[in-house]
Amino acid sequence: MNRTVLAVGALIALAVIGILFLGLGKNPNQIESPLLGRVAPSFALREVGTGKTIGLEQFRGKPVVLNFWATWCGPCYEEHPVLVANARNLGSSVQFVGVVFQDTEEKIQRFLNDRGSSYPTVIDEAGKTAIAYGIGGVPETFFLDSTGKIVGKHDGPLTTDDLRANLAKAMGQ
Amino acid sequence: MNATLGRTIILASLLVSTAGAIIAFAAGRTRSREGLKWAQRFAYAFAFLMIAATAVMEYALLTHDFSVGYVAQVGSRTVPVWVTIVSLWSSLEGSILFWGLILGIYIGIATWFTRNDYHEYMPDAIGVWLASAAFFSFLIAGPANPFLSVANPPLDGPGPNPLLQNHYLMAIHPPFLYLGYVGMTIPFGMACAALIKGRLGHGFLKPLRESLMLPWIFLTISIMLGGWWAYEVLGWGGYWAWDPVENASLLPWLTGTAALHSMVVLERRGILKGWTITLIQATFLLVILGTFMTRSGVFNSVHSFTQSSIGPTILGFLAAALVFTIALLATRIDLLESEGRLEGGVTREGMFLFNNLLFVLLTFTVLIGTVFPLVVEAINGKQMSVGRPYFDRMVVPVGAALLFLIGIGPALPWGRATRAQIRRALLPPIGGAILVSGIGFALGVRNPWTLLTLAFGGYAAQVTLTEMWLPLVQRLKRGDSFGEALVDANLGRGRRRFASYVVHAAAIVVIVAIAVSSTMRSDVELQMTRGQATTVAGYTVTLLGVEERAEPHRMSTVAKFTVAKNGAQRAVLEPRMNQYMAMREPIGSPDVYTTAGGDLYLSLMNVDIARQSVGVHVINTPMVVWIWISVIMMGIGGLAALIPHRRTAVTNYTPVVEPATPRYVKPEEVTAS
Amino acid sequence: MVAAAMLAAALAFGQAAQVPDAAQFVGPPQGRPLAGEELKERTQYIGGLLRCPVCQGLSVSDSPAEMAVNMKKQVGELLARGYTEEQILQYFEHSYGQFVLLKPKFQGVNALVWLLPVIVLVLGAAVVFMKMRKLAQPSVAAAPAPPAPAEDPYVARVREMVGGGK
């Protein structure tokens, strides 16, 4: 019995198998956001349809649901009705804002006309807001509390349950 | 019907390989000749069943039998016939069946070639092969079954992954990769057999070396094909991104190359037995690790199959193989007696040891860089990346050191050498180093790493060319006719030696070409409209127009450019964007004008057909084509070393002639001392 | 509450669009503004250090994806305004985390990825030198090496643990 070989071999085997096992089932494309717990990067962007400039600061004082999406993204079609319905139900107690990037105003307008909307949608033309929020794919949704701090983030299409769970955090419950 | 037949065959192969493995190991214990005969029969049966299963699948694909699960998943009536044929390896289940086919063929051939020899080792070797075969049969029969029946067969299917259809290289890259990957099972089995028996005799080195050499050749070429594919398809003008899956193919190549080198020392000196065996086993384990990386979805890569459920199963197999290997090594490695010893320090044996050290270091660095993000996530839950800048920083110096060794290693004599001898061997090639780096400097190379690579390359080239033709020159001096000398020194008896220098020469060109092409490229991004011309790197590139082309399986937007130099037209390039039904985003397909000096590479960034305007990325990269050519030369060199030479075919082993060093010790003498 | 929000919205009307700026996170530029060929080269270089978040392992410089193109543009703009390499990397790390850095920092656990290969090199070189010296010694290796029966069992064990009994 060669103990050196055994020891070194066992070490390698344990390390390799252990790490790979822990890695199983994780999605390598899901990035943990370092923005959690920080104040959301401020922006003022043009609203689709009205041309008004909407700034994030103007919503201080209530929780904000910040949804990054695009018309070329499949799952965004899936979650759109969820967002619209919840924004209607919650009324003015929570502010919903859609941020569209890598897209054209014309397509967004058509999307909103076809599928309805109940909250403002702004367009991030050079994609800089998306970069500041560390967007890796769409849809991604940030939840801000009333002080403008990011308290939750959801990757992929939202369900009403996801929304409620994150909003609870944003409302400080 | 096809589905049922396929499932039956796979179940039979699971049975045959399991029973065969048990019989083979039993025969190994009892040393029964009859048992070995039966093990061989089971090995042939497994090969036959795998060929039959693949035939059924190909038949189902070609006849568009959508009642077979895999066909419903990747088949389509609209794709060309060649795409249908290669669909076998376009998706997970089919690729595992393809693995089984290649494993069957390898096992069949290896069993046939060793049928009358090496009785001591073969039962256990066949046992290990068939055990691996049983695992893959299990995968095909269960977790990755391509022969599932579809209750309500669709009329047409979606067709295979568009990336596969997009370029012919994607049709030939996977078979080469599989031939390389799967083939490593054969030397692994032999190495395990040697450990089980606790003996590695000199006679068994030949099949061990040859069975390692053949998949090594395929792996070498497949790594190049993968890089070439990335270059031709991905549109960023590079061929290697240190992507986890690219790394996965490189890892076993590194340990395999190390094993081929340590085996040279083993054959000559009778030392490094346990080490060589360890390297061969590591090669197979890294193959399985690579398979896991490609198929588990744990790693983020362009090449991986996403969403697969077989990750845990392959991990289980990897764990079992690791435990088996480590247990074998720990209990048996000390039984493998060293028969010889080293002489002197700075001699060729020492260089081989350093070669092995560097290859192991490279393996470790690439492995740690690839899995490190997983380690960190497991420790603190934070995601991080290890990418190209890391690998470039870490690997380039080691690559340069290896190039240095290709130079000084073969220049040094075997055995003990005097200072004067060493000086005489090492000083003259400095001329080559000065010459080549001087030429590079004159042509505009200023990057210090590139200049250093050129110097090492020149040094190594002079040594290699000298060693390559030295036996020929000596025979000519002795008075042989040119024909006789050539046959004797390079094509016949001395062919293995000659071939190894061909591989070295090609490797030198590859390393130099990589260094030059990665540091000397220039690029420009342009927005052009029809009729507009621009000058890039001495070429005049003119946009003739943009058009749309419809094919049954895709729509293409093609931009047509002419490339001219000094007023003479050299090429028409058609970079395009291909839109496949199954994909939202179009796949860019660059076009390349290749010359011996360098490539002019056009890749579309955006297209506006109405305005006849395109955004194009023009990249000028020197020496790229030499990478592809030289890697093919490495393969040819490897093959030349493999083909049996008439006289060696009769006797079991003929020592390699080493005219440069009269102090050659025959293996028998070593054993006796 | 609602009125306040409406007032704010009214005030915001007509105001120019404004995107989050690097100054918010990494302060004012600490280098000199770049231009021309130098700007292009540095942009390419720094883009090569950043991971394209929507691609699979490609750098921002290498990827043709729109996200990567936008990121590369932003790198160029920041360089033109005089931001340093360190500040730009810090800016992207602020929003994406260390995931975005293709060259891991020499910091905390991540330092291991730089150190381990060096440790392996040193250990490996030591093993090679020991092996060469051992193999170069005449008698030890050439002997068929059955363990001497008279040997102290303790010494034998030490030998076994140290050198594998060879």
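The values are calculated or read from the model by the stated rules, or taken from the named source; none is laboratory data. It should be emphasised that the depicted structure is a prediction, and the values quoted were computed from it without experimental measurement. All Cβ positions, glycine included, derive from the backbone under ideal geometry; neighbour counts span all protein chains shown. Heavy atoms of the whole protein, side chains included, go into the accessibility calculation; ligands, DNA and RNA do not. Shrake-Rupley method; radii C 1.70, N 1.55, O 1.52, S 1.80 Å.
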Helix-derived mean residue ellipticity, 222 nm - over the protein assembly as shown, DSSP H n ≥ 4, -39500 (n - 2.57), to 500: -19000 deg cm²/dmol
Equivalent ellipsoid dimensions for chain A as semi-axes, Å, which come from the Cα gyration tensor, largest first: 40, 18, 15
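Can you send over the carbon and sulfur percentage of the accessible area for the protein assembly as shown, probe radius 1.4 Å, protein chains only?
Numbers: 26650 of 41840 Å².
It is 64 percent, rounded to a whole number.
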Rough spin-label spacing in nm, given labels placed 7 Å along Cα→Cβ, for B:LEU427 and A:LEU6: 5.4 nm
Estimated distance in nm for a label pair at B:GLU551 and B:TYR59, the labels positioned 7 Å out from Cα along Cα-to-Cβ: 3.0 nm
Ranked by how many other beta carbons lie within 10 Å on average, peptides B:258-266, C:43-51 from highest: B:258-266, C:43-51
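If you count only protein heavy atoms with a 1.4 Å probe, what accessible area per residue comes out for the protein assembly as shown, rounded to a whole Å²?
41 Å²
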Signed unit charges on C-beta, dipole axis of segment B:1-166, positive-most listed residue B:LEU11, B:GLY157, B:GLY142: B:LEU11
Charge-dipole axis of segment B:420-549 as Lys and Arg at +1 and Asp and Glu at -1 on Cβ define it, positive-most pick from B:GLY432, B:TYR539, B:ASN447: B:GLY432
Lys, Arg +1 and Asp, Glu -1 on Cβ, resulting dipole of segment A:35-170 about Cα centre, debye, nearest 20: 440 debye
Debye log10 I(q)/I(0) for chain B, one point scatterer per Cα, at q = 0.07, 0.11 Å⁻¹: -0.52, -1.23
Shielding score for B:358-367, defined as the mean number of other chain Cβ atoms within 10 Å: 3
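Please find the FRET efficiency linking B:TRP112 to B:ALA378, where r is the Cβ-Cβ separation and R0 is fixed at 41 Å, and quote it to the nearest 0.05.
Working: r = 46 Å, r/R0 = 1.11.
It comes out at approximately 0.35.
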Average beta-carbon neighbours from other chains, 10 Å sphere, peptide B:286-293: 1
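Let's see if you can work this out: charge +1 on each Lys and Arg Cβ, -1 on each Asp and Glu Cβ, no other charges. What is the dipole magnitude of segment C:20-103 about its Cα centre, in debye to the nearest 20? Could the numbers behind the result be given before it?
Details: 8 positive and 10 negative charges, 5 e Å.
Around 20 debye, computed over segment C:20-103.
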Burial ranking of peptide ranges B:522-530, B:53-61 (average Cβ count within 10 Å, highest at the top): B:53-61, B:522-530
Cα-Cα P(r), the protein assembly as shown, percent of pairs per 20 Å interval: 12, 39, 35, 13, 2, 0
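Note the full-extension length gain between A:GLU106 and A:LYS149 as 0.36 nm times their separation in residues minus their Cα-Cα distance, in nm to one decimal. Show your work: numbers first, answer last.
Values: separation 43, 0.36 × 43 = 15.48 nm, distance 3.21 nm.
My answer for the length gained is 12.3 nm.
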For A:GLU47, distant residues with modelled amide H under 5 Å away: A:LYS52, A:THR53, A:ILE54
Convex hull volume per residue in cubic angstrom - Cα atoms of segment A:80-136: 88 Å³
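For the pair C and B, how large is the buried accessible area, both sides, in square angstrom to the nearest 100, if the probe is 1.4 Å? Display every interim value, and only then the final one.
Details: alone 12350 and 28470 Å², together 37030 Å².
When C and B are taken together, about 3800 Å² of accessible area is lost.
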Segment B:158-254: chymotrypsin sites (Phe, Trp or Tyr not before Pro) falling in loop per DSSP and having at most 14 other Cβ within 10 Å: B:TYR168
Table column - 3J(HN,Hα) (Hz), segment C:68-82, Karplus curve with 6.51, -1.76, 1.60, x for Gly and Pro: 5, 4, 4, 5, 5, 4, 5, 4, x, 5, 5, 5, 5, 8, x
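With only Lys, Arg, Asp and Glu charged, each at its Cβ (+1 for the first two, -1 for the last two), find how big the charge dipole of the protein assembly as shown is about the Cα centre; round to the nearest 20 debye. Kindly include the intermediate steps, with their values, before the conclusion.
Details: 79 positive and 66 negative charges, 578 e Å.
Its charge dipole is roughly 2780 debye.
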Estimated distance in nm for a label pair at A:THR50 and B:ASN152, the labels positioned 7 Å out from Cα along Cα-to-Cβ: 4.8 nm
Modelled FRET efficiency - R0 45 Å, B:SER522 with C:ILE119, Cβ distances, 0.05 increments: 0.70
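Quick check on my link table: of B:LYS37/B:LYS206; B:LYS565/C:LYS73; C:LYS40/C:LYS105; A:LYS107/A:LYS149; A:LYS128/A:LYS149, which ones sit more than 26 Å apart, alpha carbon to alpha carbon?
Values: B:LYS37/B:LYS206 22 Å; B:LYS565/C:LYS73 32 Å; C:LYS40/C:LYS105 24 Å; A:LYS107/A:LYS149 31 Å; A:LYS128/A:LYS149 19 Å.
Table pairs above 26 Å Cα-Cα are B:LYS565/C:LYS73; A:LYS107/A:LYS149.
Let me know the Kirkwood hydrodynamic radius for segment C:58-125, please, with Cα pairs as the basis and the value in Å to one decimal. Don't skip to the end; give the middle numbers.
On the way: mean 1/r = 0.0715 Å⁻¹.
14.0 Å is the Kirkwood radius here.
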Positive-end extreme of charge dipole, chain B - chosen from B:THR63, B:ALA47, B:ASN578 (charges on Cβ): B:ALA47
C-alpha long axis of helix A:160-170 to longest principal axis of chain A, angle in °: 90 degrees
Under 12 Å from the B:THR78 label point (7 Å along Cα→beta-carbon), backbone N, segment B:146-189: B:156-160
10 Å Cβ neighbours from other chains, averaged over peptide B:390-400: 2
Unpaired by the 4.7 Å Cβ criterion, cysteines found in the protein assembly as shown: B:CYS192
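Considering only DSSP beta bridges whose two residues both sit in the protein assembly as shown, what percent are antiparallel, to the nearest 5?
Numbers: 70 of 80 bridges.
In the protein assembly as shown, DSSP labels about 90 percent of beta bridges as antiparallel.
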Förster radius 56 Å - calculated FRET efficiency between A:ASP114 and B:THR534, Cβ distance, rounded to 0.05: 0.85
